[in-house]
Amino acid sequence: MKLHIALLPGDGIGPEIVGEAVKVLDAVAARYGHSFHYTPALVGASAIDATGDPYPEETHKICSEADAVLFGAIGDPKYDNNPQAKVRPEQGLLRMRKSLGLYANLRPIELFDTLADRSPLREEVVRGTDFICVRELTSGIYFGRPQGRDDDGNRAFDTCTYTRAEVERVVKLAFGLAMKRRKKLTVVDKANVLETSRLWRETAQQIGKEFPEVALEFMFVDNAAMQIIRQPSHFDVVVTENMFGDILTDEASVISGSLGMMPSASLGDKSALFEPIHGSYPQAAGRNIANPMATILSAAMLLEHFGLDREGKAIRQAVNDALEAGVVTEDLVKTGEAARSTTDVGAYICSRIA
Ligand code: IPM
Ligand code: MN
């Protein structure tokens, strides 16, 4: 298969982890006879530095024309404690999601068996975890208007909005996923307080009629935050609005042993983007110590998106081999063992694929 992939390394550790994922994709291409072409583009703080814009027009063009986008991370500490900054790297990410129409962010929460003792949660709690969180990605409080300040600067406001159509498309996608899995869907909301949540509930109940085989349940977000770490094996597919999904998936990542293990896919009607859920980890930038596995597993999701299941599986198997052989970065190392570098981990995974 021939694939055109837009490469957006972004900031911090982005270039290093995307670099390893590309090596892994190349190993897959060589082994299975595919040809993957890459077009690099700027995004985030590095794009602001070069062009003044965190998501330049040129980058949008490259992403829209590609079959898929492989994205690293964005964010730079020079913006974090500067609420006055007019342009922020994160705006690039949000505009990219919105303008590519990436309304569904799929975040699988799985546990590699080898890592069951690495989670801060008890082994018997995390064993057998296998669910996927579908986070709505292009609406809600992240995008609602009005947003701003009163003239005197003493009152700030954000607005959470959802249209029925926005809820429908992402909930439908979640039902579709549930049909391919264990046929259970949990809609997470705050319908006891929020009108947007009541629209979510009403819409999910409606769409549920088209999927009678799927067991549909509703859960308030505060309770979900507890159940996810109390009994993660309860969940199969979770669907929720933008900010709830952002928060719950960082929380859920502790199950997997490290945020550095968590891949994601962001899907729209025309585009598909794959990225680790972690951030740009600026303290580690350029030091060859960051865990590339989340990005490598995101590349596996990319291949599976195009039906290359055998290839995706080969990557997962190779990651598992690295974990079992102890070829891991510092976030996953067992006490007393030496941490390996980003490039060591990438090279080992490539060698297992070859
Ligand atoms: C994520 C990140 C982003 C988000 C930030 C960087 C804007 O936390 O992808 O989860 O909140 O969506
Ligand atoms: Mn987040």
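The values are calculated or read from the model by the stated rules, or taken from the named source; none is laboratory data. Predicted model, so just to flag it, every value in this text is computed and none were measured. Cβ atoms come from the backbone with ideal geometry, glycine included; neighbour counts cover every protein chain shown. To get the accessible areas, we keep the full protein, side chains included, count just its heavy atoms, and leave off ligands, DNA and RNA. Shrake-Rupley method; radii C 1.70, N 1.55, O 1.52, S 1.80 Å.
Numbers at a glance
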{"quantity": "Tabulated pairs, the stretch 316-336, first more than 23 Å from LEU303 (Cα to Cα), second of a type in the set (Ser, Thr, Tyr) and assigned to a helix (DSSP H, G or I), C-beta under 9 angstrom, 6+ apart or interchain", "calculated": "GLU324/THR114; ALA325/TYR348; VAL327/TYR348; THR329/THR342"}
{"quantity": "Single residue of GLY286, GLY260 found to be in contact (Cβ under 8 Å) with a residue 12 or more places away in the chain and within 19 Å of ALA338 (Cα to Cα)", "calculated": "GLY260"}
{"quantity": "Test: residue in the stretch 221-237 that is within 16 Å of ligand 2 (Cβ to nearest atom) and open to solvent by 20 Å² or more (accessible area, probe 1.4 Å)", "calculated": "yes"}
{"quantity": "Candidate set from the stretch 248-275 (those that are out of contact with any Leu (no Cβ under 8 Å at 6 or more places or on another chain) and either over 18 Å from ASN320 (Cα atoms) or of a type outside the set (A, V, I, L, M, F, W, C) (or both)); member that is nearest to ligand 1 (Cβ to nearest atom)", "calculated": "THR249"}
{"quantity": "Which numbered condition PHE244 misses (of (1) part of a helix (DSSP H, G or I); (2) aromatic (Phe, Trp, Tyr); (3) within 18 Å of LEU7 (Cβ to Cβ))", "calculated": "(3)"}
{"quantity": "Search result, residues across the stretch 80-97 that are within 16 Å of ligand 2 (Cβ to nearest atom), open to solvent by 10 Å² or more (accessible area, probe 1.4 Å) and in contact (Cβ under 8 Å) with a residue 24 or more places away in the chain", "calculated": "ARG88, GLU90, GLN91, LEU93, LEU94, ARG97"}
{"quantity": "Some residue of the stretch 128-136 being within 13 Å of PHE235 (Cβ to Cβ) and out of contact with any Leu (no Cβ under 9 Å at 6 or more places or on another chain)", "calculated": "yes"}
{"quantity": "The lone exception for ASN192 - which of (1) at pLDDT 95 or above; (2) touching a Ser or Thr at 6+ places or on another chain (Cβ under 6 Å) it fails", "calculated": "(2)"}
{"quantity": "Entirely in the stretch 1-99, the helices (runs of 4 or more DSSP H) that have 2 or more residues that are under 16 Å from GLU275 (Cα atoms) and among the β-branched types (Val, Ile, Thr)", "calculated": "14-32"}
